[in-house]
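Novice: Starting off with a structure, shown below.
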Amino acid sequence: MSGPRHYCGVVGITAGHNVVAGLQKALMIIQHRGQDSAGISVFDGNAISTVKDAGLVQTALPKERIENLNGNVGIGHVRYATTGGKGGMNAQPMIMTTAFGMIALAHNGDLTNYEKLKTAYMAKGAAFQTDSDTELIINLISRRMGQDQDPVKAIKAVMAEIEGAYALSLMINGRLFGIRDPLGIRPLCIGKLDDGYMICSESSAVYALGGEVVRDVVPGEIVELTKDIVKSYAPTNRIPYAHCYFEWVYFARPDSVMDGREVYEVRKNVGRVLAREHPADVDLVMPIPDSGRAHAIGFAIESGLPYEEGFMKNRFAERTFILPDQAAREKAVSSKMIPIKSTVNGKRILIIDDSIVRGTTLKRLVTMLREAGATEVHVRIGSPPIIAPCFYGIDMKNREQFIANKHTVDEIREIIGADSLGYISIQGLVEAVGIPASDLCLACVNGKYPTKIEGEEHRYQTKLTDIL
Ligand code: AMP
């Protein structure tokens with residue numbers, strides 16, 4: 001699949017006051033979902049104005065660029081840097097002028113039938129400017145509105161056409177909609193503010209704005225928010241959902257609650273399960289910050305072992321995962337994480353990370369711990385072995401990059417230089433998340449995809465047809 005990937009965060013606010021500051025604050029809270037670019041669009045009663053650019057929220061939306069923006073309805077987006085095209089070019093929200101006014105869209109997820117739909121519509125004369133599935137969605141909504149003029153009917157028709165992962169914050173002139181794909185792959189929740197409502201990828205942003213979380217957007221649901229009410233166009237039938245387990249294990253903030261399950265609690269459960277599945281005779285348990293922290297706390301509680309912080313993370317270091325070559329990634333890990341010698345020296349240590357993809361991070365960290373004097377280094381992992389690419393918005397798309405595809409667990413242990421290595425089992429992971437396996441997307445660890453992917457095993461899903 002070409003084109004930008006959407007491993008991102010979205011927000012939408014409607015209120016009795018200017019929402020610009022609220023949008024900016026919410027984006028800062030969900031900044032971990034994307035650091036490549038940020039943007040906001042607001043409707044001032046006449047038109048939609050947009051500010052977006054490359055960089056963190058602070059850089060992309062500086063005071064001088066947003067202080068003149070004004071609107072009581074608006075949406076925002078943070079975008080993750082991946083290989084599909086970095087920088088301001090791909091920043092969202094994406095805006096288009098249509099016969100029905102201006103449409104602004106912020107998208108988290110990836111459409112799996114994007115190429116097919118794009119080709120089909122191009123054959124009918126449609127023209128596209130980008131390689132982005134976000135543009136396709138706006139285009140389809142506009143076309144459908146041309147038939148019916150009713151945005152909800154148009155969205156519903158588009159949802160019947162598109163497949164894959166999409167959590168959308170959509171503004172048509174001043175009307176604000178939140179939309180979640182029928183599988184509920186990416187999160188989206190509704191919050192009540194003092195004098196309005198919001199939607200956001202993560203609940204922690206609602207609390208940061210002084211609001212209360214109302215509920216998650218139900219998979220397959222369209223919500224329309226005004227400052228006074230939330231209208232719901234909810235599915236009447238239910239298909240098995242496919243919530244992405246990796247949101248809880250790695251991606252989301254620990255203080256967010258998604259689909260009824262708090263991330264911090266789930267991560268602690270992961271640690272507890274690991275302690276039962278792969279106990280170890282060690283002196284202390286150490287997290288790999290940041291996502292490994294709650295996992296390690298759970299392990300320490302369950303095993304009764306002491307918990308220590310033995311790695312200091314340089315919070316200003318760049319993301320190592322997305323660097324283009326192995327040497328650069330290894331070098332970057334060394335400057336990102338530094339062991340605390342007094343904690344490590346002469347100790348038998350157990351470290352926990354959320355996942356192994358290529359093995360780069362752990363190979364380097366295990367070596368650094370030994371150099372700092374650790375006598376034994378044991379490794380536990382909060383995801384089962386990752387063996388299959390993600391087509392739903394997580395940046396793991398190349399089968400070749402997965403170390404677990406080429407090596408057994410014992411070979412991986414040897415490659416990373418650990419004394420022992422234990423991955424959580426799929427069953428243990430499902431228990432830790434606390435949602436039945438039939439409602440989780442586990443494609444990257446079991447190879448079964450919730451939507452049809454060419455050449456891949458397909459986990460059967462009934463298509464949700466009567467959405468409204
Ligand atoms: P690797 O070093 O290639 O084994 O990648 C695993 C490390 O990268 C772990 O420390 C994870 O926290 C992190 N990680 C895993 N998946 C992703 C992703 N899709 N994007 C960014 N970081 C990730």
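Novice: Does ALA328 count as loosely packed, with under 14 Cβ neighbours inside 10 Å, within 13 Å of the ligand (Cβ to nearest atom) and small (Gly, Ala, Ser)?
Specialist: Here the answer is yes, as ALA328 does meet what is asked.
Novice: Further, regarding this structure: Identify all residues within region 390-411 that are touching a helix residue (DSSP H, G or I) at 6+ places or on another chain (Cβ under 8 Å) and within 11 Å of the ligand (Cβ to nearest atom); write none if there are none.
Specialist: Within region 390-411, CYS390, ILE394, MET396, ILE403, ALA404 qualify.
Novice: Can you tell me which residues in region 398-446 are among the hydroxyl-bearing types (Ser, Thr, Tyr), assigned to a loop (DSSP other than H, G, I, E, B) and within 30 Å of VAL257 (Cα to Cα)?
Specialist: SER425
Novice: How many of the residues making up region 291-323 are in contact (Cβ under 8 Å) with a residue 24 or more places away in the chain and either away from the ligand (no atom under 14 Å from the Cβ) or not in a helix (DSSP H, G or I) (or both)?
Specialist: Residues flagged as in contact (Cβ under 8 Å) with a residue 24 or more places away in the chain and either away from the ligand (no atom under 14 Å from the Cβ) or not in a helix (DSSP H, G or I) (or both) within region 291-323 amount to 20.
Novice: Go through (1) in contact (Cβ under 8 Å) with a residue 60 or more places away in the chain; (2) surrounded by fewer than 22 Cβ atoms within 10 Å (Cβ to Cβ); (3) farther than 27 Å from LEU440 by Cα and name the single condition ARG272 misses.
Specialist: The one condition ARG272 does not meet is (3).
Novice: Something else: Restricting to region 373-394, name every residue that is surrounded by fewer than 20 Cβ atoms within 10 Å (Cβ to Cβ) and either among the aliphatic types (A, V, I, L, M) or at pLDDT below 95 (or both).
Specialist: If the condition is that a residue be surrounded by fewer than 20 Cβ atoms within 10 Å (Cβ to Cβ) and either among the aliphatic types (A, V, I, L, M) or at pLDDT below 95 (or both), then ILE387 is the only one that fits.
Novice: Checking VAL282 against (1) buried (at least 20 other Cβ atoms within 10 Å of the Cβ); (2) within 15 Å of the ligand (Cβ to nearest atom); (3) more than 24 Å from the chain's Cα centre (by Cα), which test does it fail?
Specialist: (2)
Novice: Determine which single condition GLU454 fails, assuming it passes every other condition in (1) touching a His at 6+ places or on another chain (Cβ under 7 Å); (2) at pLDDT below 95.
Specialist: So GLU454 meets the others, but not (1).
Novice: Would you mind telling me which numbered condition in (1) buried (at least 20 other Cβ atoms within 10 Å of the Cβ); (2) within 9 Å of the ligand (Cβ to nearest atom); (3) under 20 Å from the mean Cα position of the chain (by Cα) LEU362 fails?
Specialist: It is condition (3) that LEU362 fails.
Novice: While we're here: What are the residue pairs meeting all of these: first residue in region 388-416, first residue closer than 17 Å to GLY455 by Cα and in contact (Cβ under 8 Å) with a residue 40 or more places away in the chain, second residue among the acidic types (Asp, Glu) and more than 13 Å from the ligand (Cβ to nearest atom), Cβ atoms under 8 Å, and 6 or more apart or on different chains?
Specialist: Sorted first by the residue in region 388-416, then by its partner, the pairs are ALA388/GLU456.
Novice: Looking only at region 258-269, count how many residues are buried (at least 22 other Cβ atoms within 10 Å of the Cβ) and part of a strand (DSSP E or B).
Specialist: 1
Novice: Taking region 270-290, which residues are in contact with a strand residue (DSSP E or B) (Cβ under 9 Å, 6 or more places away or on another chain), in a helix (DSSP H, G or I) and over 15 Å from GLU247 (Cβ atoms)?
Specialist: GLY271, LEU274, ALA275, GLU277
Novice: Sticking with this structure for a sec: Just give me the residues in region 337-348 being within 16 Å of THR361 (Cβ to Cβ) and more than 10 Å from the ligand (Cβ to nearest atom), in sequence order.
Specialist: Within region 337-348, ILE338, PRO339 qualify.
Novice: Any residue in region 162-174 that is at positive phi sitting within a Cβ distance under 8 Å of a residue that is of a type outside the set (Asp, Glu) and in a loop (DSSP other than H, G, I, E, B)? List the pairs, counting only those 6 or more apart or interchain.
Specialist: The qualifying pairs are GLY164/GLY109; GLY164/THR112; GLY164/ASN113; GLY164/ILE185; GLY164/PHE391; GLY164/TYR392; GLY164/THR451; ASN173/PHE100.
Novice: If you check VAL357 against the conditions, is it part of a helix (DSSP H, G or I) and farther than 19 Å from HIS278 by Cβ?
Specialist: For VAL357, the condition - part of a helix (DSSP H, G or I) and farther than 19 Å from HIS278 by Cβ - is not met.
Novice: Can you find a residue that is surrounded by 16 or more Cβ atoms within 10 Å (Cβ to Cβ), of a type in the set (Phe, Trp, Tyr) and over 21 Å from MET171 (Cβ atoms) anywhere in region 35-45?
Specialist: no
The values are calculated or read from the model by the stated rules, or taken from the named source; none is laboratory data. No experiment lies behind these values; they were computed from the predicted model shown. Positions of Cβ are generated from backbone atoms using ideal geometry, with glycine treated the same way; all protein chains shown enter the neighbour counts.
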